[in-house]
Amino acid sequence: MTKNISLGNDISRWQGDVNFDTFKNNSQFVIIKSSEGNGFTDPKFTRNQAESRRVGLPLGYYHFARPDLGNTPEVEADYFLKIIGSPVEGEVYVLDYEPASNPGDVVAWCKAFLDRVLEKTGTKPLIYLNQSQVKSFNWQPVIDAGFGLWIAAYTFDPNKNDVEIGKWPFAAIQQWTNKQSVPGISGNVDGNVFFGTIETFKKYGYKKPIVTPPVTPPGDSEEVKQLKTTIASLTTDLDNANISIKSKDTRIGELEENIKQKDETIKQSTEKTKQFVESVKKTITLFNQLGGEE
């Protein structure tokens, strides 16, 4: 089975002034050194970036880590992005980890750098390691977070890829030689094989945020407008009916109160009448008694 690969190079000041008009026809991508630590910019960075973009060569950047100088990963990541400047679609970011010594928690330092770049750009950088490093440390937190591997493994054959990659399921790039001769570059240069097409290489790079415009609903149809008008009219009628019912309920309440008052008046009058009749009866009885005595 033929492997789908892309061949490229990584360069820095040590390659001098590259002839990019020639180089672009002999390399499929280039990864250039941008920065180191907190304060060093590769002397050829500005030229290499401008020329790569001018000739349309797929481009990546690597930052040489210097935790051995006491720098925090966040400070170095911010400096890296500052040197690169405005990001361009498809450009790849890389943390090159190969300091002279390994102070502190190596994996935590690297992951904090990678996380910082992701936070600032929305892009997951690759990490460059050699075969000894992938075996010496537990890179599982970096792997679990989805950061890809660029492995330095000099097999001196881009098709010889049976190399140590630790617990990564696969390597995105293998640096297969440090002695490649490429037209457009004087002297030897690092050779790299990317395991995929150039379109896939660019997918590892920066992506412009997708801005979704707000969706404006279409205007109502005539039928919908009529339904809305009918509903509004029915709502008004219902409100008026409720008001009328409340008014009638109030009136009935008033009438019931009047009836209660009249019933009370009648009761009082009846009681007085009874009292008057009793008084008259007593008077007649007394009168009869007096007449009988005569």
(message) crowded, with 19+ Cβ neighbours inside 10 Å, among the polar types (S, T, N, Q) and closer than 23 Å to PHE195 by Cβ: is that true of GLN140 in this structure?
(response) no
(request) Could you look through segment 129-153, keep only residues that are in a loop (DSSP other than H, G, I, E, B) and not polar (S, T, N, Q), and pick out the one that is farthest from the chain's Cα centre (by Cα)? (result) ALA153
(request) Exactly one condition in (1) surrounded by fewer than 23 Cβ atoms within 10 Å (Cβ to Cβ); (2) more than 31 Å from the chain's Cα centre (by Cα) is not met by SER27; state its number. (result) (1)
(request) Confirm whether VAL224 is outside any loop (DSSP other than H, G, I, E, B) and surrounded by fewer than 16 Cβ atoms within 10 Å (Cβ to Cβ). (result) yes
(request) Select from segment 190-209 the residues that are closer than 13 Å to GLY148 by Cα and of a type in the set (A, V, I, L, M, F, W, C) and write down the one among them that is surrounded by the most Cβ atoms within 10 Å (Cβ to Cβ). (result) PHE194
(request) State which residue is farthest from TRP150 (Cα to Cα) when the search covers only segment 105-131 and only residues that are in contact with a Leu (Cβ under 8 Å, 6 or more places away or on another chain) and of a type in the set (A, V, I, L, M). (result) VAL117
(message) So LYS167 passes all but one of these: (1) within 30 Å of TRP14 (Cα to Cα); (2) in contact with a helix residue (DSSP H, G or I) (Cβ under 8 Å, 6 or more places away or on another chain). Which condition number does it fail?
(response) (1)
(request) Just give me the residues in segment 80-91 being under 15 Å from PHE64 (Cα atoms) and either in contact with a Leu (Cβ under 6 Å, 6 or more places away or on another chain) or surrounded by 15 or more Cβ atoms within 10 Å (Cβ to Cβ) (or both), in sequence order. (result) PHE80, LEU81, ILE83, ILE84
(message) Residues that are under 20 Å from TYR61 (Cα atoms) and in a strand (DSSP E or B): does segment 154-172 have at least one?
(response) no
(request) Given the conditions (1) in a loop (DSSP other than H, G, I, E, B); (2) among the β-branched types (Val, Ile, Thr); (3) under 20 Å from ASN4 (Cα atoms), report the number of the one that THR177 does not fulfil. (result) (1)
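Only the coordinates and a few stated rules stand behind these numbers; no lab work does. On a predicted model such as this, the values are computed, not experimentally measured, just so you know. Backbone-built Cβ (ideal geometry, glycine too); neighbour counts: all protein chains shown.
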